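The values are calculated or read from the model by the stated rules, or taken from the named source; none is laboratory data. None of the values given here were measured: they were computed from a predicted structure. Ideal geometry is used to build each Cβ from the backbone, glycine not excepted, and the neighbour counts take in all protein chains shown. SASA here: full protein model, heavy atoms, side chains in, ligands and nucleic acids out. Shrake-Rupley method; radii C 1.70, N 1.55, O 1.52, S 1.80 Å.
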Amino acid sequence: MQVIDLPFGHQGFVTDAQGGLSKSPYETWNIARHVGDDPATVQGNIELLDQRVGRHVLFAEQVHGNAVAVVECGPVSHGVGAKPVGQADALLTNCYHQAIAIVVADCVPIIVVGDNGWAAAVHAGRQGLEVGVIEASVHALRDTGAQHVFAVVGPAICGECYEVSQDVADSFTASTGHEALSPRGINAHPRLDLRGAAIAQLEKAGSAILAFDERCTYESDTLYSHRRATHAGHVTGRFAMGVALCHVDDS
Ligand SMILES: [Zn+2]
Ligand SMILES: [Zn+2]
């Protein structure tokens, strides 16, 4: 697991496919419940994550949309009467009692931190980029009072590896304004640079880019890649990117 130092003493984290309990084809640290892995094993992997992060890590049910779930620090988010997060592709919080995270395997994971100490974890795949999950997340962060916003972009499939049909490329360009990379060679397909599009959307929404992880999930044996697994004829797991807030005294 990689730990990322963030403003305010917040800590970002990115897990990988190693050191968990899952068996083939999910070996070994699959964090996702929805991919067919044994539920007790996934639970064990999540408890391992909780231990490594030092907090309970909250996830949403990701649906490739643009909803942002706000988890405010208080009895609603932890303790008696805590509510499950529900469907969302971004989690936004000021709670330092728990961590928030999203799961990915090629989609772009992003942490966004506001200068008021609030932070978001964002799942931005091709569809999320099309429906504006990044803009929605940065706006939601500003709605909490943040003036300046900073982003860290995690590992994702790179523009060389993410081939799509011409139709998919056209609709991506139409909705994001981001051009596909040209096909190379005969029978080649257009390619999409999801991370480049995510960075452009973050900047357009007014976020500075603190850092980005250059690793390509498709090319990395230590990260899950939905595309690589599909090409190999099997399913696979998901890794997590998230953030644990340091307590910020804003009184
Ligand atoms: Zn809290
Ligand atoms: Zn690649």
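Computed over the chain with a Gaussian network model linking Cα atoms closer than 10 Å, the most mobile of Ala205, Ala197, Ala174 is Ala174. Got the relative contact order for the chain handy, in percent, Cα pairs under 8 Å and 6 or more residues apart? Relative CO of the chain lands at 25 percent. Where both bridge residues fall in the chain, DSSP classifies roughly 70% of the beta bridges as antiparallel.
Each stretch of four or more DSSP H residues adds -39500 (n - 2.57); spread over every residue of the chain, this sum gives -7000 deg cm²/dmol at 222 nm.
With pairing defined as another cysteine C-beta under 4.7 Å, the cysteines of the chain that fail it are Cys107, Cys161, Cys246. Computed over protein heavy atoms with a 1.4 Å probe, the accessible surface of the chain works out to 45 Å² per residue.
Under the simplified labelling scheme, the Glu72-Asp5 pair shows an inter-label distance of 3.3 nm, with each label point 7 Å from Cα along Cα→Cβ.
Note on the stretch 139-222: Cα-only Rg and Dmax are 15.1, 52 Å.
Look at the alpha carbon pairs under 8 Å that are at least 6 residues apart: their mean separation over the length of the stretch 24-104 gives a relative contact order of 29 percent. Across q = 0.13 Å⁻¹, the chain modelled as identical point scatterers on its alpha-carbon atoms has Debye log10 I(q)/I(0) values of -0.77, in the order of the q list. Whole percent per 10 Å bin, from 0 to the bin with the longest distance: what is P(r) over all C-alpha pairs of the stretch 103-148? Reading the bins upward from 0: 29, 49, 20, 1. The fraction of accessible area contributed by carbon and sulfur in the chain is 50 percent, rounded to a whole number (1.4 Å probe; ligands and nucleic acids excluded).
Normalised by the number of residues in the stretch 1-150, the mean separation of alpha-carbon contacts (under 8 Å, six or more apart) gives a relative contact order of 17 percent.
Only protein heavy atoms count here; on that basis, with a 1.4 Å probe, Asp167 has an accessible area of about 120 Å². Rounded to the nearest whole angstrom, the semi-axes of the ellipsoid equivalent to the stretch 1-125, taken from the Cα gyration tensor as √(5λ), stand at 23, 16, 15, largest first. Amide hydrogen proximity for Glu61: with H placed 1.01 Å from N in the peptide plane, the residues at 5 or more positions away or on another chain lying under 5 Å are Gly86, Gln87, Ala88. As a rough guide to protection, the peptides 86-92, 7-13 ranked by mean Cβ packing within 10 Å, highest first, stand as 86-92, 7-13. Of all beta bridges that DSSP places with both ends in the stretch 46-147, some 55 percent have antiparallel geometry. Principal semi-axes of the equivalent ellipsoid, √(5λ) from the alpha carbon gyration tensor of the stretch 83-205, are 30, 14, 12 Å from largest down.
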